[in-house]
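Novice: Take this structure, written in C-alpha cells, and hold onto it; I'll ask about it next.
The values are calculated or read from the model by the stated rules, or taken from the named source; none is laboratory data. Predicted, not measured: the structure shown is a model, and the values here were computed from it. Positions of Cβ are generated from backbone atoms using ideal geometry, with glycine treated the same way; all protein chains shown enter the neighbour counts.
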Amino acid sequence: MSLRVLLPLIALLASPAASAVRPLCAPGRFVLPGSPLLGSGRPGTDAVILETPQVSIRSGCAPVEAHVWAAKRGTRIRADWRGCGQYNARVRLNATVDAATCGTMTGALRLGRSRYRRRFSATRAQISTSCTRGDDTYAVIEQRVLAFRGCTVTSCHGVFGQASLDLLPGSSYESLVGVPASNPAAAAAGKLRVLPGHAAESFLSQKLHGTLADGEGARMPLVGLALTQSEIDLVDAWIDAGAPRTGVVAAAPCLLEPDYVPTTPTPPPPGGYQLVLDGPTLAPGEELEGCLWMAVPNPTDLAVGKWEFFLNPGTHHFAIFPWDREGTPPVGVWKAGDTGCTSGAMFGNSLSGSPQAPYYIDLYAPGIARLLRAGTYVGLNAHYANNFDVPIQMKVWTNVYPYPGTPEHIAKTLTDFNDMFTISVPPFTQKVQPGRFTNGGTTPIYLLGLSGHMHKRGLRFTARWSDGSKAYENFDWSHPVSRPFEPPVVLVPGDWVDFECLHDNGVTRPVKRDGSGNPTTLTFGVTTDDEMCVLTGTYY
C-alpha cells in the first residue's frame, strides 16, 4: 500500500470520531419477550437487571458482581454464576447495551459446559430497578414500602392515624424505633414496635408477617395491596442491622418494580357511590394519558369527606376534574391525549386524585369537605405508562364517601406549575428548576397538605416556607408522598412557598435522546420522558 493511501487511513483511525467511546448506559431492567432464559422462570416475564456493577436475571440468577465497561458499540457486560436457582451448573452472560439509545440489550447465555449459547434481545423498561445503592435504606422503606403500600394514608397511620402510630416520612422513625407497642396484648408482653437488632422480636415485623399472638390484632396492611416478600425482607434486614436512621444496610435486598397484578376494589360505600374509569389496554412500553367525562350521580349537592382510590398498576397519576365550560361534555367517551381533562376543565383545578400508587385515600380533617354540585360533570383523568412485560389495562375505581353532617370549610386544590415551562437541562448535566407559590390574595389561606410532581429524571423535590424552613421533600418521582398538616399551616397574604426540582439528564439517569438517538436537552413535556416540576396541595 502506498504512503499516499496509508497516511489518510492512519489519520482516520486516530481521529476522535473513530475512537470515541460513549459513556456507560444507565442501570435498568431489560425485558425479554417469550420464554425465560432459565427453565425455572414463567413465560413472558423474564428480565436482565443491570444495577452497575451488579447484574441479575429474574428467572433465577441472583445479583453478582459483573465486569461492566464502555466500548464503541455500547456498554459491555460479562457475568459468571456458579449456579442459578434450580440450575446448579455454571452460567455465563455476555451482553451489550446499544450505544445509540441505551434501550436494547443483546447477548448470549451459556449454560454449563454446553457449547450452545442462548441468544436474546431485551428492551429496557422505562423505569429501572428501585434499588439505588446510595439511597438510605430507611428512606427507601418510608417511601417505597410504607407510603407506596398505603400505610400512611390519613385514615390508617397518617396525620389522623390509628394506634398513635405516625408512619409519614419524616415522622415514622420516632414512632417506631424503641417505642412500646400500643396494642394492649403486645404491650403486656413487653414488645417494642421496632427492637433494633432483632426483627423477629419486633412487633412491626410480626404485624407484616402475620405471626401474632391472640389479642394482637390483624396482619398489616389491613387495606390495599399486601407487601411483597422482598419488601418484608427489606424491613427485617434493616431491623436486624440495628434499625439505622441513615446509611445503607449492606444486607438489604433490592426492590424491583412489582409484577403486574390487577387491582380488586371494595364495593361502593353506604350512602356514597363508585366512579369507574374503564380505560384502554396498553402494550408493553406504551404510554397514554386521556380523559373520560361522566355525569355526577348525586341528585343533590354532596359534601365529600373521603375519596378512596383503587388503581391498576402502571399509573403515573389519576385526577378528577370538574367541568367548567358551557354546555355538556361528551359523556362516556374516552378521549386519548386530553391532558389534565383540559377539554373542559381549568388545568390543575382537580377535585381529588391519586399519585403513583395502587391504593390511596384522600381524607380531610373534621369540619372540612369537598363539594360536588348536583347536575354537573366530572372528568376522570388517567396517565399510565406500561413498564411491565405484559399488557395492562388503564382502570381506576373511586369510592366517594359523603361527609357526615355539614362541613365548616370547603377544600380547594393548589397547583403551581408556572415556572416549569422553562425547564432546560443539557445532556450529561444536572440542573435545579426553581418555582414559587405566593398567596396573592387579600385573606389567609390554610394549607392542609403539600406534595410534588416530577417525571423519571427528577432526583429531588424540595419545598420551603417563607422563613427558609423545609416544608416538604421527596426523592422518589415514581412514588411521591404527600405531607398533611394538622393543624393547617396558615399563609397570610404575601407569604410564599419556594420549591425546586433537581433534574438529571444523563449523569445518573438515562440521557434524553432525540428521534435520531442523539443526546438532547431535557425540557418540559407531558410524557414521563420529558420533565415537570409542579407543587400540589390542598387548602381552604
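Novice: Right, Gly28: at pLDDT below 70 and either out of contact with any Asp or Glu (no Cβ under 6 Å at 6 or more places or on another chain) or surrounded by 12 or more Cβ atoms within 10 Å (Cβ to Cβ) (or both) or not?
Specialist: no
Novice: Could you say which residue among Val481, Val507, Val534, Val511 is farther than 23 Å from Leu450 by Cβ, surrounded by 17 or more Cβ atoms within 10 Å (Cβ to Cβ) and modelled with pLDDT under 90?
Specialist: After ruling out the rest, the residue left standing is Val511.
Novice: Do we have Arg78 as more than 25 Å from Asn505 (Cβ to Cβ) and either modelled with pLDDT under 70 or assigned to a strand (DSSP E or B) (or both) here?
Specialist: Criteria met by Arg78.
Novice: Another question about this same structure. List the number of the failed condition for Cys341; all other conditions in (1) farther than 15 Å from Pro329 by Cβ; (2) at pLDDT below 90 hold.
Specialist: (1)
Novice: A further question follows. For residues that are hydroxyl-bearing (Ser, Thr, Tyr) and within 16 Å of Phe388 (Cβ to Cβ), scanning just region 252-298, find the one that is nearest to the chain's Cα centre (by Cα).
Specialist: Tyr260
Novice: Taking region 508-524 as the region of interest, how many residues are part of a loop (DSSP other than H, G, I, E, B) and in contact (Cβ under 8 Å) with a residue 12 or more places away in the chain?
Specialist: Qualifying residue count for the region: 8.
Novice: Scan Tyr446, Tyr472 and give me the residue that is surrounded by fewer than 22 Cβ atoms within 10 Å (Cβ to Cβ) and within 16 Å of Thr536 (Cα to Cα).
Specialist: Exactly one residue qualifies, and that residue is Tyr446.
Novice: Also, quick follow-up: For region 394-498, give me every one of the strands (runs of 3 or more DSSP E) that falls completely inside it and has 2 or more residues that are under 30 Å from Pro265 (Cα atoms) and touching a residue at least 40 places away in the same chain (Cβ under 8 Å).
Specialist: The strands (runs of 3 or more DSSP E) meeting that bar are 412-416, 445-453, 483-491.
Novice: If Ala250 passes every condition in (1) free of Cβ contacts under 8 Å to residues at least 12 places away in the same chain; (2) of a type in the set (A, V, I, L, M); (3) touching a Pro at 6+ places or on another chain (Cβ under 9 Å) but one, which one does it miss?
Specialist: With respect to (1) free of Cβ contacts under 8 Å to residues at least 12 places away in the same chain; (2) of a type in the set (A, V, I, L, M); (3) touching a Pro at 6+ places or on another chain (Cβ under 9 Å), Ala250 is out only on (3).
Novice: Collect the residues in region 393-429 that are within 27 Å of His503 (Cα to Cα) and surrounded by fewer than 16 Cβ atoms within 10 Å (Cβ to Cβ), keeping them in residue-number order.
Specialist: Within region 393-429, Asn418, Phe421, Thr422, Ser424, Pro426, Phe428, Thr429 meet the criteria.
Results for (1) charged (D, E, K, R); (2) farther than 24 Å from Arg483 by Cα; (3) in contact with a Gly (Cβ under 6 Å, 6 or more places away or on another chain); (4) at pLDDT below 90, shown as yes or no for each residue.
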| position | (1), (2), (3), (4) |
| --- | --- |
| Pro297 | no, yes, no, no |
| Gly314 | no, no, no, yes |
| Pro329 | no, yes, yes, no |
| Asn349 | no, no, no, yes |
| Leu363 | no, no, no, yes |
| Phe388 | no, yes, no, yes |
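Novice: Please tell me if Ala237 is of a type in the set (A, V, I, L, M, F, W, C), closer than 27 Å to Ala186 by Cβ and part of a loop (DSSP other than H, G, I, E, B).
Specialist: Here the answer is no, as Ala237 does not meet what is asked.
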